[in-house]
Structures are given as C-alpha cells and as structure tokens.
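Visitor: A single structure is presented below for examination.
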Amino acid sequence: MKKIFCGILLVAFAACKNSEPVNYTLFKGTIQSPNSERVMIIDGDNNLVKEMKVSEAGVFADTIFNANGYYTFNDGKEVATVYLKDGYDIDLSLNTKEFDESIKFSGKGSEANNFLAQKLLTREKMGSMADLYSLEEAAYLSKMNEFKGSLEKSLETAEADFAEKEKLNIKYEHLGHLSQYQSAHRYFAKKQDFEVSESFPDPFEGIDLNNEEHYKEFNAFKRLVGSNFAKSAREKAAKDSISYEKASIAYLKELKSEVIKNDILLGLADQVSIMNPNSEELYKAIMEISTDEDLKARLTKQYDLILKLAKGKDSPTFENYENNAGGTTSLSDLKGKYVYIDVWATWCKPCIAEIPSLKKVEAQYHDKNIEFVSISIDVEKDHDLWKQMIKDENLGGIQLFADANWGSKFAVDYQIQGIPRFILIDPEGKIVNSFAPRPSDERLVALFDELKI
C-alpha cells in the first residue's frame, strides 16, 4: 500500500513542479467491512477503467488518467455513480453495512460527488417504484417536477462545468421516468388499459435523438433513446402488421447517427438466437446496415451455430449417459422414435414446476412412437440428490445423468445456457425443434398431433 501512495505522491509532485494541467484524477478511499479485495471504476459503456486493490485495513488508492465525466464505482457488491475530472483529488469513505447512507467524499471534486450521493438518497425517500408509479397522473407529475426542481436548485452553487452537465443529466433522467409512466402505471396500479392524458408531457418532444455527444456521456440519454426506439418499433409493428424485428430495422435505417445505430444493433443482435423464429431475417438486416465489423464477425459466428440447430439438421448426440434404471443410454439407442428431451437439474425450481405437466403428457402418449428423456446436468456431488428426486417424485420416462453437467458436449452443442430446456428429435435423429414447447404449453400437444405421433 505504501508503494501505491508513494507513486501517487510522486506524480502529484511532478505535476506541481511542472505547473502544467494534469491529465489524471487521484482517487483514494477507506472502506469499512469491504465486500471485495478490489474496487473498480467502470465507464458508461461498461468498460473497466481501473481496478484498485483494497488492503486489509480497507484502504485503496490509484491514479485514473484522462477521466472526464460520469463513472460507476463498484465494490464487488454495490455501486455508486461518481463524477471524475482531470485534476480532482478525491478521498472516499464508506461503510458497506450502510452503503448509500455512509458514502462521503472529501478533497478536490468532492462537492460534485457528494451531490450525486445525496441525489440517490433523496430519490430513495420518494418511495419504491411501486409507490411512485402507482400514483395517479397529476400526483405523479407533481412529485417528479418537485424532485427535478429541488435538484436543479441544489446545483446553483456547484462547480460550473459539473452543474451544466448535471442539469442535462437530471433533465434526461426526468424525461426517462416520464417515458416509463404509462406502462409502469398499468403494471403497478393494475390498470391494463390505462392511457396518459393528452396533456401529459411528451418526453421525446424537442429532443435530438441523434446527439452522439450526449449519447456517449449520459446513460440517462442513452436509456431515453432506447426507450424511444422500443416504443417506435412496437407501434410500427402493430400498425403495419409486421414483426418487431422488421419494424426495428426499418426504424434504424432512418437513424442518422452511426454510433447510436450500431449501439442499438449491438443489443438487437442478442435476439439472433435459436429461440427467435425471425433470426434469419434479423441477421441479414443487421449485416446489411451495421458498420461495426467486430459485431458482424461475432454475429456471423453465432448465426452459423444457430444454422446447425435448425429444423432438419442432424441432432447433436450424447453417448453412454448413466441411466437411473441401470446401464447407460446413448441417443442412437432411441433411433426409430421421436425423442422429447428435458434438460433439467434438481436445484432448478422452474424445471420442477414442469414435472406434473410432463407426467401428464407422458401418460397421454404412452405406447406412442415417442420416448421421453430427462437429462440432468447436476454436478457430480448432487448425483445422490438426483437419484433421490427421481424416487420421491416418481419420475417416469428415461432418466439420464449428463457426463459433465453444463460442460457436457450435448449441452454445449445445443447452446444450453438456461434450463429447463426442451428439445424434440425425429425418428431419423434429425432436429424437429431445438427449443421445443414446455410440457405446460398447449402448443406441445398440438405439435405432437401435427406430427401424428
């Protein structure tokens, strides 16, 4: 720890000696009851800017170069927004047992950061999300306007450049809240048909949604742009009777900012998956309009994997999985019948919730041309729990234990990242549906009847 402080002091001394503007922030602090051996500074794009080691006494210190704006301070469990600027010398203190209430800053730059800490506390005093969005329109607007006004008033004596940025930040946060009110009020107030009045402020009116500078600097503005994108795509999809994906691409084609367009496409690319029947259309559209070559390369790799799991492709296989009834079983042993596979684990509550429905479907298709196979991806230490649950729940079908839990080749080849996962394979060993309906979904029986099982 002494070496770290010495290094910081040497940098500071050199800067004073040269009498030139510095290009770094000195950031140090003391944490009571640390949650982690390290703390992190993360930028608005979720990139790690600096990782700092926390001593046994809870002390950390380091130099952060070329900082200018909002960042996230992460102690391994909780987070706080901080404002960093070249030339700042910040000292943070907090007790993790009262994280938000105890966080305090001192030193140069402390005024801005204490404001951000206090803003969070003030917001928490307004009540929970449920309390806030359950309010009727007039009461909600009154409360939000009062909160916004009090924050802006508190900035009157703040450092000029911070005050200017923070007023914009507050504005975008406020508009973001307004943009969520209708859907949130429907949910929390249990009014599914609720519509805001004609006099309700339009959060997007007069906002330049192509402002790249604000998009990069303010997460609140980024969320506002994202909210407008989702709203516009949903409305276009409904109006034109087209898929959400097609509506999204049509919207993005009209967007002027390449930076914003590529960033939204980055999120949209996650919907290119085996779960999405519109993946091909979405993949081709993203490849057409994106200028992010890294994204296009990653997406192509992902899409190639999806094609391997398309209907009619040879199914990935499993071999010699332990069978609870004795011996081992391979997928090839079941050739000649449809195979409905349930990938599950004893600790998975949604998996267990499907058991009654699975039993019902098994009984309905007993002696038909189909085998029901359950593959546990429990870790080896839970092997006995697996055996016991089969007995306790009187599980039917073919009960198998995968050879390497999540790392089993079958699970990896099928890109299984969440369970329960259901797969349907035809008598020739080809994929019918790599993301088949759950037993509790009435579409499963409809699919079986369509196949004349």
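Visitor: Sort out for me the strands (runs of 3 or more DSSP E) sitting completely within the range 348-453 that have 2 or more residues that are under 26 Å from the mean Cα position of the chain (by Cα) and assigned by TED's automatic domain parsing to the domain that holds Ser330.
Guide: Ranges flagged: 421-425.
Visitor: Separate question: Taking the range 194-226, which residues are within 21 Å of Tyr70 (Cβ to Cβ) and either of a type in the set (Val, Ile, Thr) or touching a Pro at 6+ places or on another chain (Cβ under 8 Å) (or both)?
Guide: Of everything in the range 194-226, those that are within 21 Å of Tyr70 (Cβ to Cβ) and either of a type in the set (Val, Ile, Thr) or touching a Pro at 6+ places or on another chain (Cβ under 8 Å) (or both) turn out to be Ile207, Leu224, Val225.
Visitor: Give me the residue from the range 100-150 that is buried (at least 17 other Cβ atoms within 10 Å of the Cβ) and under 26 Å from the mean Cα position of the chain (by Cα) and, out of that set, nearest to Glu78 (Cα to Cα).
Guide: Across the range 100-150, the extreme among qualifying residues is Ala117.
Visitor: Here's another thing I want to ask about it. Return the residue satisfying two criteria in turn: it lies in the range 179-232 and is outside any loop (DSSP other than H, G, I, E, B) and small (Gly, Ala, Ser), and of such residues it is surrounded by the fewest Cβ atoms within 10 Å (Cβ to Cβ).
Guide: Ser183
Visitor: Taking the conditions exactly as written (within 24 Å of His177 (Cα to Cα), within 23 Å of the chain's Cα centre (by Cα) and in a helix (DSSP H, G or I)), does Lys246 satisfy them or not?
Guide: no
Visitor: State which residue is nearest to Ile352 (Cα to Cα) when the search covers only the range 396-415 and only residues that are hydrophobic (A, V, I, L, M, F, W, C) and surrounded by fewer than 18 Cβ atoms within 10 Å (Cβ to Cβ).
Guide: Going through the qualifying residues, I end up with Trp406.
Visitor: Additional query: Please count how many residues of the range 54-78 are assigned to a strand (DSSP E or B) and without any contact (Cβ under 8 Å) to a residue 24 or more places away in the chain.
Guide: Qualifying residue count, the range 54-78: 1.
Visitor: For Leu155, which of the numbered conditions (1) closer than 27 Å to Glu198 by Cα; (2) in contact with a Lys or Arg (Cβ under 7 Å, 6 or more places away or on another chain) fails to hold?
Guide: (1)
Visitor: Please specify each residue of the range 269-304 satisfying the condition of being farther than 20 Å from Asn433 by Cα, aliphatic (A, V, I, L, M) and within 21 Å of the chain's Cα centre (by Cα).
Guide: Ala269, Ile286, Leu295, Leu299
Visitor: Right, something else. In the range 151-171, what count of residues is obtained for those that are loosely packed, with under 13 Cβ neighbours inside 10 Å and either in a helix (DSSP H, G or I) or not charged (D, E, K, R) (or both)?
Guide: 5
Visitor: Could you go through the range 265-272 and let me know if any residue there is surrounded by 15 or more Cβ atoms within 10 Å (Cβ to Cβ), in a loop (DSSP other than H, G, I, E, B) and on the phi < 0 side of the Ramachandran plot.
Guide: Taking every residue of the range 265-272 in turn, at least one turns out to be surrounded by 15 or more Cβ atoms within 10 Å (Cβ to Cβ), in a loop (DSSP other than H, G, I, E, B) and on the phi < 0 side of the Ramachandran plot.
Visitor: So if I check each of Ile207, Ile260, which one is β-branched (Val, Ile, Thr) and over 23 Å from Tyr140 (Cα atoms)?
Guide: Just one listed residue meets the conditions, Ile260.
Visitor: Would you mind telling me which numbered condition in (1) charged (D, E, K, R); (2) closer than 30 Å to Lys222 by Cβ; (3) buried (at least 20 other Cβ atoms within 10 Å of the Cβ) Asp342 fails?
Guide: Against the list (1) charged (D, E, K, R); (2) closer than 30 Å to Lys222 by Cβ; (3) buried (at least 20 other Cβ atoms within 10 Å of the Cβ), Asp342 comes up short only on (2).
Residue by residue, here is whether (1) closer than 25 Å to Glu217 by Cβ; (2) not aliphatic (A, V, I, L, M) holds:
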residue	(1), (2)
Gly127	no, yes
Leu135	no, no
Tyr140	no, yes
Leu151	yes, no
Ala163	yes, no
Ile170	yes, no
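Visitor: When the residues of the range 315-347 are filtered to those that are among the hydrophobic types (A, V, I, L, M, F, W, C) and assigned to a loop (DSSP other than H, G, I, E, B), which remaining residue is nearest to Arg421 (Cα to Cα)?
Guide: Residue satisfying both the conditions and the ranking: Ala345.
The values are calculated or read from the model by the stated rules, or taken from the named source; none is laboratory data. Every value quoted in this text rests on a predicted model; they were computed, and no experiment measured them. Counting neighbours? That spans all protein chains shown, and the Cβs are built from the backbone with ideal geometry, glycine included.
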